[in-house]
Structure formats: structure tokens, C-alpha cells
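Working notes for the structure below.
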Amino acid sequence: MEVFKSIEPLQQALQKFKCNNKRIGFVPTMGALHKGHISLIEKSRAENEVTVCSIYVNPIQFNNSEDFKKYPKTIEKDIEILEKAGCDILFLPEDKVMYPEPPKVKFEFGALGNIMEGKFREGHFNGVAIVVSKLFNIVKPDNAYFGQKDLQQYLIVRQFAKDLSFNTNVHAVPIFREEDGLAMSSRNVRLSAGQRELAPKIFLALLLAKTLLLTKTVKETQEEIQHFFTPYPEFKLEYLEVVNKETLEIVSSVKDNKNLAVCIAIYLGDVRLIDNLFLFS
Ligand code: AMP
């Protein structure tokens, strides 16, 4: 695997592949890699001749400075993992490469952007869209792979890639889970042993919500899920929403509506975790 820290040598290397009509697949990440990230790399490898991964902890997408400071960094291990996974190129830029000056552009995503993560993490998706569009412009991938775990992020990236005529197809990859159901996340390493034991309750809550929604309204389901966490004061539920999984429109009833996802954001101690589950799939 070749590692590039600056843009020009990366683009020179990519140009050779592009001249030979090789398809470029791209997996942007913030590092602290786990099997969820690797499933994206594998999907890219299956669909492209060349796979590029980027690792960059993007400061402008953090709305909470503690979260940014505590974001896990395991770059040596990440490089080993990527080598093993068969990634061809790693782009590992520093802040001055990505942001020679602070960006001033502001994105607006309409209905996709002002609920759930957009509502509770002000400025988050603006930061995501800036870094992803810069990375798309740098790498110019044919295909880019995003996790369904960050459903709202995937939909927003897919939308702005279309709106801005990026020549990149944006794909979603299913959520990769631990055996006990916990969605893999770089932030999981910040959980204490006790919190880690409790963490699978997040997925259990989604499964419970899925069952409850067969007979109850969304509001009743939200109340029951709040109840479900009451015995465990380390959890603080931020939201549980039922949304159309393409438009993110919030629904209050699942009746006659087959295209839905139930999405959750919850604090476990001071670690904020998100997860989601498609209904009727
Ligand atoms: P991150 O490094 O957390 O920014 O994630 C980089 C990419 O990996 C994003 O597209 C995430 O949605 C995706 N991802 C994170 N966790 C998982 C998971 N458990 N399963 C599948 N994809 C994931």
C-alpha cells in the first residue's frame, strides 16, 4: 500500500490508473479502523481495480471539542489493517493540507439536514460536506462507499454529490455489528468495561422498537423505549425517530409505509453512539 500525505503525489499516482481506465473506489474514514470500515474496503475492492482509503479526523465536523480531543487515534495499527485488507492507497493528510485556510462555504441540505444528527450536532453536516467534497475533488473516485450506520450522512453525501455533479457514485454498505449486536464504532473503545457490557442494549432497543411499531404508534414506541433505558441511568436517550429511509421524513405511524428506518442517538456515559435499523427488511 502506498501512503500519501500530500495532494500532488497522490494525484500523480491516481492519474496512472485513470489513464489505464482503472476504476477508483474510495473509502473516507476518520481512522481507528474496525471491521465495519474493512467491510467498506472489501466492497470497494470487489467493485473497483483500485481502492483508496483516507484517514483524517476532520476538526470542522465536531460540534463538541471534548469529542474531538478524545477521538481515538491508532494510525500504526490502521496502516497494518489496511495493508491486510488489500487497500492500494492511503491518503493521510494533515490539517494544513486539507485546510490551508479556514473554509467559508456553507451547505444547506433542506429536510435531510435539520433533524436527528443535523438538529443535535449543529454544523456537523456542513463540516462533513466540506471535507467529503474536498476529498472527492482530490481523489476523483468513480465509486465511494459510506456506512448505513451513518444513514443521514450517506443520504446527504449522495444528495450533494448529485446536486453538484460529482462524477462519483455514492454507495451504502450495511452496518457491521459485534456478535452481541453492538454496531461497530471507533468510539466504542472509549467505553468502560461496564459500559461495554451495557452497550448491546442499544441494538436491543432498536429490535424492540421494530416489534412495538407493529402494533403501537411511534409516540407510544418512543415512550416504551425511554422506559426500556430507565433502569440504566448511564444511558441518556437523545432521540429515537422513525423516518423514511430515503427522504428522512419523520413519520408518526408506520401503517402502509414500508420504506422506513428507526434511528437512535444515545449517550452511554459521555460517549455518544448512533445506530439504526430498517423496518420490514
Ligand atoms: P468514521 O471513520 O466513523 O467516519 O466512518 C467512516 C465510514 O465507515 C463511514 O462511512 C461510516 O458510516 C462507516 N462505518 C462506521 N461504522 C460502521 C459499521 N459498524 N458498519 C459499516 N460501516 C461503518
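See the values below:
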{"read-out": "Set 243, 218, 251, 271: member being touching a residue at least 12 places away in the same chain (Cβ under 8 Å) and surrounded by fewer than 18 Cβ atoms within 10 Å (Cβ to Cβ)", "value": "251"}
{"read-out": "Qualifying residue in region 206-217 (condition: part of a helix (DSSP H, G or I) and within 16 Å of the ligand (Cβ to nearest atom))", "value": "yes"}
{"read-out": "Region 156-191: number of residues that are β-branched (Val, Ile, Thr) and touching a Ser or Thr at 6+ places or on another chain (Cβ under 7 Å)", "value": "1"}
{"read-out": "Subset of region 11-30 [part of a loop (DSSP other than H, G, I, E, B) and in contact (Cβ under 8 Å) with a residue 24 or more places away in the chain]", "value": "22, 23, 30"}
{"read-out": "Residue count, region 61-78 (criterion: farther than 30 Å from residue 46 by Cβ, assigned to a loop (DSSP other than H, G, I, E, B) and not aromatic (Phe, Trp, Tyr))", "value": "3"}
{"read-out": "Hits in region 193-205 (condition: more than 13 Å from the ligand (Cβ to nearest atom) and either assigned to a helix (DSSP H, G or I) or free of Cβ contacts under 8 Å to residues at least 12 places away in the same chain (or both))", "value": "193, 194, 195, 196, 197, 198, 201, 204, 205"}
{"read-out": "Sole residue being aliphatic (A, V, I, L, M), surrounded by fewer than 17 Cβ atoms within 10 Å (Cβ to Cβ) and within 15 Å of the ligand (Cβ to nearest atom), chosen from 60, 75", "value": "75"}
{"read-out": "Close pairs from region 177-192: first within 18 Å of residue 151 (Cα to Cα), partner more than 9 Å from the ligand (Cβ to nearest atom) and of a type in the set (Gly, Ala, Ser), Cβ under 8 Å, at least 6 apart", "value": "182/199"}
{"read-out": "Filter result (in a loop (DSSP other than H, G, I, E, B) and touching a helix residue (DSSP H, G or I) at 6+ places or on another chain (Cβ under 7 Å)) within region 218-244", "value": "232, 234"}
{"read-out": "Residues within region 197-215 that are touching a Leu at 6+ places or on another chain (Cβ under 8 Å) and surrounded by 16 or more Cβ atoms within 10 Å (Cβ to Cβ), tallied", "value": "10"}
{"read-out": "Of the criteria (1) assigned to a loop (DSSP other than H, G, I, E, B); (2) away from the ligand (no atom under 16 Å from the Cβ), which one residue 3 fails", "value": "(1)"}
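Listed here are the residues, each with its yes/no results for (1) at pLDDT below 95; (2) farther than 25 Å from residue 192 by Cα; (3) outside any helix (DSSP H, G or I).
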position: 9; (1), (2), (3): no, yes, no
position: 32; (1), (2), (3): no, no, yes
position: 37; (1), (2), (3): no, no, no
position: 44; (1), (2), (3): no, yes, no
position: 51; (1), (2), (3): no, yes, yes
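The values are calculated or read from the model by the stated rules, or taken from the named source; none is laboratory data. No experiment lies behind these values; they were computed from the predicted model shown. Reconstructed Cβ throughout: ideal geometry from the backbone, glycine too, with neighbour counts over all protein chains shown.
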